[in-house]
Structures are given as C-alpha cells and as structure tokens.
1. Name the single residue that is farthest from the chain's Cα centre (by Cα) among those in segment 385-424 being crowded, with 24+ Cβ neighbours inside 10 Å and without any contact (Cβ under 8 Å) to a residue 60 or more places away in the chain.
2. Going residue by residue through segment 211-220, is there one that turns out to be surrounded by fewer than 19 Cβ atoms within 10 Å (Cβ to Cβ), more than 15 Å from Leu40 (Cβ to Cβ) and among the β-branched types (Val, Ile, Thr)?
3. Which one of Leu459, Leu443, Leu432, Leu387 is closer than 30 Å to Ser266 by Cα, out of contact with any Pro (no Cβ under 7 Å at 6 or more places or on another chain) and assigned by TED's automatic domain parsing to the domain that holds His263?
4. Scan segment 252-299 for residues that are under 26 Å from Pro342 (Cα atoms), among the aromatic types (Phe, Trp, Tyr) and over 16 Å from the mean Cα position of the chain (by Cα) and report the count.
5. Consider Leu231 carefully, then state whether it is in the same structural domain as Ala325 (by TED's automatic domain parsing), of a type in the set (A, V, I, L, M, F, W, C), over 30 Å from Gly182 (Cα atoms) and assigned to a helix (DSSP H, G or I).
6. Looking at Gly365, Gly349, which is the one that is modelled with pLDDT of 95 or more and assigned to a helix (DSSP H, G or I)?
7. Going by what's in this entry, would Lys481 be described as among the charged types (D, E, K, R), buried (at least 16 other Cβ atoms within 10 Å of the Cβ), in contact (Cβ under 8 Å) with a residue 12 or more places away in the chain and not in a helix (DSSP H, G or I)?
8. Tell me which of these Glu56 doesn't satisfy, since it passes every other one: (1) under 28 Å from the mean Cα position of the chain (by Cα); (2) part of a helix (DSSP H, G or I).
Amino acid sequence: MSEAFTTSGIIIVSFLLFTYYVQKGFGGMSIPLRQFGMFLLTKAAGPAADLFQEREGSGAKTWMQTGVFWLLLAGVGGFLSAWHNYDAAALDSLSNVGWGYDDGSALAYFNEVAMSTAIFAILVGGILVAHTRTTGAKLASEANASMIAMAWTAQVLVGLVLCVLNHWEWLDYGASEAALYGLVSGLLVLSLLVNSLITLGDRGNSPISIPSWFLILALFALLFSRFAVALGETLGWTGTVWVADVMSSGWVPLALMFGVGYHVLSHVTGQPIWSGSLTKASMFLLFVTIPPFFLGESTHADNLAQSVGAILVTLGLMPILAASANMLATIRGNASAVVDSPGATAAAGAAILLPIFAILGYFTGLNVMVGDGSLANVADTVNSSYLYVIGGLFALAALFHSYPLAAGKSLKGSAGGATWMVIAGGLLSTVLFLMGDWSENALVDSEVEDMSSISGFALTGAFAFYGVVIGFILAGNSVVKTLLFGNVQASGTGDTSDISTYNLVEGNTSIRALFGRGVGIDTMLIIGESEEDGAIG
C-alpha cells in the first residue's frame, strides 16, 4: 500500500501547484498558452466542432440534456433492480427477447454507471452556468463544450458495450484495455478543463468565485484520477487505483454538488453565501480527506495504511457537514424564495439529507473498507440511495434553475412535483431498503434460512422508489417543455450580480473581497445592520 502514500503525496503537490498557477497565472506565457488552448478547442477537432453552435449557453445546455438521457435510464434501471430484489422472476416472460437476470450484479453496475453519468453531466452543465455568470463571460468555446458532452455520452456507451462483449467472451477487456479507455476519458476531461480555465482568464482582476473553484478543482481531480487509474492498472499498483477511485467517486461528485448548491441557493435568495469560513472548509477539507461513500476494500493494505484511511474517512464528514450547514444558513436570508423555486427546493432538500447519508455511509463504509463485510449489503444500499436521492436532488436543482438560465427560457412543467416526488420517494424507499437489509443480517446471524418474513420491506421499498422514477420522468418532461414552450427571457452572463443586497457591519473589508463574495456593482449595500452578522461569514 506504499504506492497509496506516494500517490497521495503527488496529489497534494499537484493541487498546490495547480491552484497557485490558476491564481497567479503563467506570466508572459499566459497569452501563448491561451492561444494554444483556443486552437485545441476550436481547430484541433476539425469539422466535428463545426457541427455544434457557439451560441451562448449551448455548451451547458447540451451537457444537461445528455444528463437527462442517462437520468431516465438510471431511474428505470433502479426500479427494475428494486423490483427484482423482491421477485427475481418478475420479468422472466421476456426471456425470449433476450432478457436475463442472474444475481443482479450486472443491473446494479449499469445503474451505478448510468446514475453517475447523469449526475456528472447535469452538474457539469449547471456549474458551467454558474462559472460563466460569475466570470462575466461566455465559455471560451461553446461548440467544444457541446462536442465533449456528446463524446462523453458516447464513451460511456462504448464502455458498457465492451463490458457486455467481455461477459459474452467475444473479446478480452483486461487491464490494458481499461487503461486505454481511461486515457481517452482523461483527454475529454482535459478539453473541458482547458475550456473552463480560458473562460476563467476572461474574468479580469476579479477574484475566482466559489462555483468556479469547485468546477476546476473537480475537473482537475477527475483528470488526475483517470491517468492514475490507467497507470495503476498497467503497473499493478493497487493502492494507486484505490486512491484514484476515491477521487473520482468521492471528490468529484461532491465538489460539483457543492458548487451547484451554493450558486442556486445564493442566486434564488439574492443573498451571499452565509459563511466564508465554512465555504473554505468545505472546499479545502474535501480534497484532503476521504468521503464516506463508495469505499472499497483495503485488505491488501497494512495496519498503518488502514488506520490512516479510517482517520481520513472520519475527517471526510467535516466538509459535508460544513457545506450543508452553510447552504441551509444561506436559505435563512430569504426562505420564501426557496419554497417558490423548484430548483432551490431540491438543493435545500439535498443539503438537509446529505449529512444523514454521510453518517450512514461512514459506519457502513468503514465496515467494508477494513474487510469485515458484515454490512456490505447495507453499504451498497446507502451508496445507491446516495446517488439516486442526494445526487438526483442536486441534479434537479441544476435542471430547474440553471437549465432555464442557459436556454434563456422560463421553466415549464411539473418541476415542483418532480422535486417532492424524489424527496418523498427517495427517503421512504431508503428507509425501507435499510430496514430490509438490517433484518436480513439479523436473520442470517440467527441462522434462519427462510427470508420470506421480510419480503415486505423489498416490496414496499420498490413501490416507494417508483416515486423517484416518476420524479425523474417529470424532470425530463419539464426540460423538454422548457426548451420548446418556455417564454424567452434574457440569458447570458450579463454584468449584474446574483446578489441583490449585502449587509456590512463593523470591521474591515475590501472591494476585491466583496467581489469575491459575489457582490456586483448594482448590489445594494446595507451599512450598520447587525441582525444578520452571521450572514457575512
């Protein structure tokens, strides 16, 4: 496991250098690097980039539209999985058209891939909207962003097909092929990162906004993880692959969730993010700890490595709690606006539920990580519910708030109903699935072979999960209606701030610091009111 420590050291150094040069620039090399980056974005792809529009917001819109495709697939797949946990022979009548269901592992893998892809694509689109609004400039290349969105969906489909062909033994999909696949995925991430960095350079002398930080750090972490997995798989470095998996399945989605949540709630309430200290804590601690989700076994590691890992997982709760508390405190400034906005309601619901899932993931994930495995089924349920409920709600927040901004249309459809369906169905199904898992473990420990007495948990859980599926379908319908029938509204980055008022009390600050908190030239400054001391962090 020594390679895990080596990889972690390289990660820390890489992040420090990356953040330093993002803030300070490359001096005289900045202009040549920008020109080279624009060449890669606009010319290197050849005619492919010309197939897409350079219209402002089209890149973010394409990312979210492809994400909706995967969201619907993941919803249907999740319901089938929940249904088959109750009755494994439910769809055996379709065997004549190729349907087959064994132990459910293949369907579970598909659901994880589909839902992870949906969350990533939708949140990337949502945070790109925040990125362009806070920098005051459109993406360096909207066409390239759209092309990468389509390429990302294509490479995920290819990966799934390769897994099927390998299962049927039509080809060998081994470590070398997986490494090559990871490199291709990494190049797509690199293109999106270059696009985001060039856009960031157009902000002038303004500080880098919080959503922009989360975007570029998430993309850099994903880029590093893709190349680390390729190297680790090729050389057999198990520890490196383990660390890279933590980055891609833990850091990246949480960073995108935090970025979207901060932007949506701040924009809807018209208030700045409540605490700058909690914001920095949620950002810094996220990338130096281990999130409590999707933890893999580390039985190949020695006791020291496992002890360090357990400590980092414990500390991994802190950025989650900090971000959730910060988002909920931001709501306090204008709670009525949050209730009236389906996107903000989804973000608020996710912020409330995230700590609960984190604590559940902490106890069950540690059990899996140390190799005990007695709570492996519970950990799988927590991880799956985390994707569908927490990831799904943040995805809805982006679709219902950021997508209309990118499309320049008013929100249409049953967006509010979709949000509450996912909240109610997701929470109820999670509770029922967990009750079923814990009951099953209790019966196994008691050496009871007949499990029919607890089948009701799986049945009612599957029925409750149907609410999540309906919510996802309503969300997709809302996106289509918004695109086709939404009233045209002013879109684009503009020069106005998302924050309408800002309270100043005793103390010192600077114009640059105010700009960094999202204050714009038209923001109303209220001097001397101390009631909302906490609101300025």
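The values are calculated or read from the model by the stated rules, or taken from the named source; none is laboratory data. Small disclaimer: the values here were computed from a predicted structure and weren't measured. Cβ sites come from the backbone with ideal geometry, for glycine too, and all protein chains shown count toward neighbours.
1. For segment 385-424, the residue satisfying everything is Ser385.
2. There is no residue in segment 211-220 that is surrounded by fewer than 19 Cβ atoms within 10 Å (Cβ to Cβ), more than 15 Å from Leu40 (Cβ to Cβ) and among the β-branched types (Val, Ile, Thr).
3. Criteria check complete, one pass: Leu387.
4. Number of matching residues: 1.
5. no
6. After ruling out the rest, the residue left standing is Gly349.
7. The answer is no for Lys481.
8. (2)
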